[in-house]
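Undergrad: Got a structure for you, questions after.
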Amino acid sequence: RKAALSAVSTYLESSISMDDHLSEIVACLVSSVPLCSGRDLALAADVLATLVEQHDIPADQVVGILESFGARINNLPLRRRKVGFSAPLMEAFETCLQKHGSQLFPRCQWVLDHSLVFSQEWIKSCDSSPLATHIYSSKEKQEEENVTASINLLAACVKSLQLDFLKSVSGDFLRSVCAHACSSEGAIQVSGLAFLGDCLSSLPSVIAPIEEQALDWSVGVLPDGGSSAAVNNACWSIGEFCEYGTRDIVAGRSQTLADFCVRVFRARPSNETRKTLAVTWARLALLAPQTTMPLMPVVFDEWLKCIRGSAVDDVYAAVYRVLLRVVVENSVLLKHSPMSMVCFLEVSCDVLRCGQEHESLRSDWRSFLKAIWGDGQGAWCQLVESLPPETRAILQLGVG
């Protein structure tokens, strides 16, 4: 059975097309699960996750497979059930949830109930000892993986089920998970910050009572000392605060948030964090221009670097529109950072090259560039003339 599951997993992860054999793979999985040992269930869960992620498996078949997992786990000796129900199965259910959402309930409610046990036990251990917030950093890695997977599954439920999820868990419990996880370290903190962001976008009422404290969790991550993933998720959660948090509270903390972002800009973040930071800074600039505008000369070059060379998608377009507004409203950039403005105009060529799906964005740029050209003798015209001929030609084509 283990060899068969390993072979199926290898084939699924290869480039070989399995479309003609999906029914056989599903049948193999369903027949194997009832005979799996506790540890082999983790391999079967990996197969399920890959299968659902890469192929359109109907919800009723997915539910049937998950029910076979439940039946097998319940037949294991009590001391072995925690081995059978572990991180791989929670991760597989998270994948299934992303594809099928509420269609998995109520028949698969048992997966969520089992998952909650890991979070509940961890919170109890944290509350029982001042050192327990980091309890799994010195214990078996599997324990940390189980708690992390449990938090990630909670986040998936928040995104997929939203208000309906509060029928299964209380807001107090979700707040407690956020508090303990964001104040932890390692993988648990990374998942906690992501969970905080998901709660802000999907269930803001859950975070509202602790919003001030939750902001401290995000800016408490060390930009030049924390893990790359933690810094990325802290930046992302700050962006979610700007978008979905209580406006007066977040605006009132804008200087602290801006200072944190500046520190991240200067800390040479990873490519993933740079993209996240570009969006977060744009959101903060819209929310609190009086705070961010004075800092633009300091971070503008780094902000451009964060988005330069990226594909022009919806997120990129949103950031560019804020960039346009910042340049229009912040003439000091032109006066003190002419080379930044040259880079800005060169980057705009990416927008002018993009396809018809972003025609509205191209239209915004055409209006902006026509205003530049209309200046005639102004500094903008001089900048444009200093550009390479190919770049000038693209800008001129964009003006029409």
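The values are calculated or read from the model by the stated rules, or taken from the named source; none is laboratory data. It should be emphasised that the depicted structure is a prediction, and the values quoted were computed from it without experimental measurement. In this analysis, Cβ positions are derived from the backbone assuming ideal geometry, glycine residues included, and neighbour counts consider all displayed protein chains. Heavy atoms of the whole protein, side chains included, go into the accessibility calculation; ligands, DNA and RNA do not. Shrake-Rupley method; radii C 1.70, N 1.55, O 1.52, S 1.80 Å.
Undergrad: Once Rh for the range 102-252 is found with the Kirkwood sum over Cα pairs, what is the Stokes-Einstein diffusion coefficient at 37 °C and 0.692 mPa s, in µm²/s?
TA: Taking Rh from Cα pairs, D becomes 211 µm²/s.
Undergrad: Using a 1.4 Å probe, what is the accessible area per residue for the chain, in Å²? Kindly include the intermediate steps, with their values, before the conclusion.
TA: Working: 18240 Å² over 400 residues.
For the chain, the solvent-accessible area averages 46 Å² per residue.
Undergrad: Once neighbouring chains are kept in place and the probe is 1.4 Å, which whole percent of the accessible area of the chain is contributed by carbon and sulfur?
TA: 50
Undergrad: Tilt of helix 338-353 relative to the longest C-alpha principal axis of the chain, in degrees (0 to 90, nearest 10)?
TA: 60
Undergrad: Still on this structure, I have one more. Starting from 0.36 nm per residue, how many nanometres of slack lie between E346 and A3 once their C-alpha separation is accounted for? List each step's numbers first, then the result.
TA: Working: separation 343, 0.36 × 343 = 123.48 nm, distance 5.51 nm.
Answer, rounded to one decimal: 118.0 nm.
Undergrad: So, one more: Return the distance in nm (one decimal) between the two label points of a simple spin-label model at R392 and D127, each offset 7 Å from Cα along Cα→Cβ.
TA: Between R392 and D127, the simple spin-label model gives 7.1 nm.
Undergrad: Quick check: the angle from helix 59-75's long axis to the longest principal axis of the chain, C-alpha only, nearest 10 degrees?
TA: Helix 59-75 sits at roughly 50 degrees to that axis.
Undergrad: Just order 173-180, 294-301 by mean Cβ neighbour count inside 10 Å, highest at the front, would you? Walk me through the numbers on the way to the answer.
TA: Numbers: 173-180: 21.1, 294-301: 16.9.
Packing proxy ranking, top to bottom: 173-180, 294-301.
Undergrad: Could you tell me the distance between the Cα centroids of the range 178-232 and the range 339-354, to the nearest Å?
TA: 34
Undergrad: A further question follows. Take the Cα of S227, step 7 Å along the line toward its Cβ, and report every residue of the range 184-202 whose backbone nitrogen sits under 16 Å from that point.
TA: It comes to 184-196, nothing else.
Undergrad: Residue by residue through the range 295-307, which ³J(HN,Hα) values in whole Hz follow from phi under the Karplus form 6.51 cos²θ - 1.76 cosθ + 1.60 (θ = phi - 60°), with glycine and proline marked x?
TA: With the stated coefficients, the range 295-307 comes to 8, 4, x, 6, 10, 4, 4, 5, 4, 4, 4, 5, 10 Hz.
Undergrad: Please check which bits of the range 70-106 a label hung off E53 would reach, taking the label as a point 7 Å along Cα-to-C-beta and the cut-off as backbone N under 18 Å.
TA: Backbone N within reach: 86-101.
Undergrad: Taking the chain as the reference, fit the longest principal axis to its C-alpha atoms, fit the long axis of helix 228-244 to the helix C-alpha atoms, and give the angle between the two in degrees, 0 to 90, nearest 10.
TA: 70
Undergrad: Within the range 37-53, which residues have the backbone N less than 20 Å from the label spot 7 Å out from E67 along Cα→beta-carbon, could you tell me?
TA: Residues 45, 48-49, 52 qualify, since their backbone N sits under 20 Å from the label point.
Undergrad: What does the charge add up to near V158, with Lys and Arg as +1, Asp and Glu as -1, over the other residues with Cβ less than 14 Å from its Cβ?
TA: -1
Undergrad: HN-Hα J couplings of the range 150-156 from phi, Karplus 6.51/-1.76/1.60, θ = phi - 60°, integer Hz, Gly and Pro as x?
TA: Taking θ as phi minus 60°, the curve returns 5, 5, 4, 5, 4, 4, 5 Hz for the range 150-156.
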